[in-house]
Amino acid sequence: MKLPIFKVLFCLLLLVCTSCIRAFPQDNWTFQKEKGGIKVYTRPSKTSKFNEVKAEFEIQTSMAKFISVSYDVGNFPLWVYGTNAAKLCERLSNEEIIYHSEVNAPWPFSNRDFYCRLKIYRDASAKTMTITATGLPNYKPVENGIVRIPYLHSDMVVSSVNPSTLHVVYTTNVDVGGNVPAWLINLFSTSGPIESFTKLRQLCKL
């Protein structure tokens, strides 16, 4: 089923899923909306015509369960909004993988795809983990009829509040490529994070 264009941005960004607490500075973020305790902010990007997006929320789960769900690439379509398909390409280590994702786009736009490297960085003393997602636009040739996302980076900083509660700060910066109007994506880019992280909460239940 084709998705509204205003849903496309987050589909491209999330997967996934994340990154190194090099999370963006707290200044210049503009609050956009909140639902179910999930707060979403945006700010202009220095590298793209599309806004950067930040989501902040708490989730009732363990660190181990969160990692398990975040690295279960085959199930990304269950919670990353608009994801048509996702598959594991390489497992570089227990904490680093490369995966491919295809995202639905509405007519007349072509579906987007990207290859992405996910890597976990841990800070045991701070009880914090960061999952970094970095796009690999030249990892493999682009298939006919698909537009490759030229730039994707996201950071998911996960801190332990207590053994069954995590605090998550997700930031992402993406250029969806092609001729999708930036003003349209920016106008509705806050919807995807709320829907995706609501579903992530369900999958992460202990």
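Listing for the model above:
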| read-out | value |
| --- | --- |
| Subset of segment 24-54 (residues that are charged (D, E, K, R) and either surrounded by 11 or more Cβ atoms within 10 Å (Cβ to Cβ) or not in a loop (DSSP other than H, G, I, E, B) (or both)) | K33, E34, K35, K39, R43, K49, E52, K54 |
| Checking I98 against (1) farther than 21 Å from S48 by Cα; (2) hydrophobic (A, V, I, L, M, F, W, C); (3) touching a helix residue (DSSP H, G or I) at 6+ places or on another chain (Cβ under 9 Å), the condition it does not meet | (3) |
| Residue that is modelled with the highest pLDDT, among those in segment 134-185 that are closer than 18 Å to E58 by Cα and outside any strand (DSSP E or B) | S164 |
| Residue within segment 102-118 that is of a type in the set (S, T, Y), in contact (Cβ under 8 Å) with a residue 40 or more places away in the chain and either within 23 Å of K199 (Cα to Cα) or surrounded by 22 or more Cβ atoms within 10 Å (Cβ to Cβ) (or both) present | no |
| Residue list for segment 192-206, restricted to those being among the polar types (S, T, N, Q) and surrounded by fewer than 23 Cβ atoms within 10 Å (Cβ to Cβ) | T198, Q202 |
| Some residue of segment 173-188 being in contact (Cβ under 8 Å) with a residue 12 or more places away in the chain, touching an Asp or Glu at 6+ places or on another chain (Cβ under 7 Å) and of a type in the set (D, E, K, R) | no |
| Hits in segment 77-113 (condition: more than 21 Å from V142 (Cα to Cα) and either among the hydrophobic types (A, V, I, L, M, F, W, C) or in a loop (DSSP other than H, G, I, E, B) (or both)) | L78, W79, V80, Y81, L92, N94, E95 |
| Hey, I149 within 18 Å of G178 (Cα to Cα), in contact (Cβ under 8 Å) with a residue 60 or more places away in the chain and under 22 Å from the mean Cα position of the chain (by Cα) or not | yes |
| Test set (1) at pLDDT 95 or above; (2) of a type in the set (A, V, I, L, M); (3) buried (at least 16 other Cβ atoms within 10 Å of the Cβ) - L9 fails condition number | (1) |
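The values are calculated or read from the model by the stated rules, or taken from the named source; none is laboratory data. Computed from a predicted model, the values in this text were never measured in an experiment. Note: ideal-geometry Cβ built from the backbone for every residue, glycine included; neighbour counts use all protein chains shown.
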